[in-house]
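All remarks here apply to the structure that follows.
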Amino acid sequence: MKLFIGLGNPGPNYELTRHNIGFLAIDRLEDELGIPVNKSKFKALYGEGTYKGEKVVLLKPMTYMNLSGDALSQAMAWYKPDLEDIFIIYDDMDTPLGRMRLRTKGSAGGHNGIKSIIQHLGTQEFNRIRLGVGRPHPGTDVIKHVLTNFRKEEMEDVEKVVLNMKSVIDCILDEGFMKAMNKFNTK
């Protein structure tokens with residue numbers, strides 16, 4: 001089985017913020033994979049189904065970003081996936097808007113959701129799908145930046161990277177995460 005976790009904050013106030021691009025990716029996968037994310041458990045909204053002969057779980061933690069690891073650890077206790085079958089989808093300021101970077105390890109880089117996940121997993125080695133949200137303008141507070149809605153002119157780039165998620169998932173399921181890294185990491 002494969003467990004895809006999109007990080008974000010619950011509620012309409014956060015819906016189109018940069019921090020919620022992980023939720024936007026799960027929403028897109030929900031539509032494209034035909035797996036409704038409408039059940040509540042694990043301090044999360046989730047859905048499970050079969051895609052390409054593989055059990056797939058889509059999860060959106062409802063704990064707020066800083067406690068994302070709580071939801072992940074509860075889902076892991078229930079499903080018991082191998083660590084290599086977990087994929088964390090989240091916003092990354094070091095990646096330009098509209099681009100993605102796949103990684104198998106690394107530090108939290110100041111991302112509180114990833115800090116929480118590292119704390120709960122006890123390792124920095126897990127699959128990450130980092131979706132670019134760009135850096136704030138000089139003098140802009142980082143927290144304000146990630147909690148600000150995407151501007152209208154940025155939405156085309158957001159939609160482009162989110163639309164690419166199904167292709168990423170197809171590659172992961174067909175060829176593995178390392179092949180997906182080689183194919184989808186953009187400069």
If I filter region 17-27 for residues that are closer than 16 Å to residue 169 by Cβ and either part of a strand (DSSP E or B) or open to solvent by 20 Å² or more (accessible area, probe 1.4 Å) (or both), do I get at least one hit? yes
- Is it the case that region 29-48 has a residue that's among the small types (Gly, Ala, Ser), in a strand (DSSP E or B) and either open to solvent by less than 50 Å² (accessible area, probe 1.4 Å) or touching a helix residue (DSSP H, G or I) at 6+ places or on another chain (Cβ under 9 Å) (or both)? yes
Restricting region 92-129 to residues that are in a helix (DSSP H, G or I) and within 28 Å of residue 156 (Cα to Cα), the one most open to solvent (accessible area, probe 1.4 Å) turns out to be 112
Subset of region 1-55, residues of a type in the set (Gly, Ala, Ser) and more than 24 Å from residue 116 (Cα to Cα), comes to 34, 49, 53
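The values are calculated or read from the model by the stated rules, or taken from the named source; none is laboratory data. Note that this is a predicted model, so its numbers are computed, not measured. Ideal geometry is used to build each Cβ from the backbone, glycine not excepted, and the neighbour counts take in all protein chains shown. The accessibility values were calculated without ligands, DNA or RNA, using every heavy atom of the protein model including side chains. Shrake-Rupley method; radii C 1.70, N 1.55, O 1.52, S 1.80 Å.
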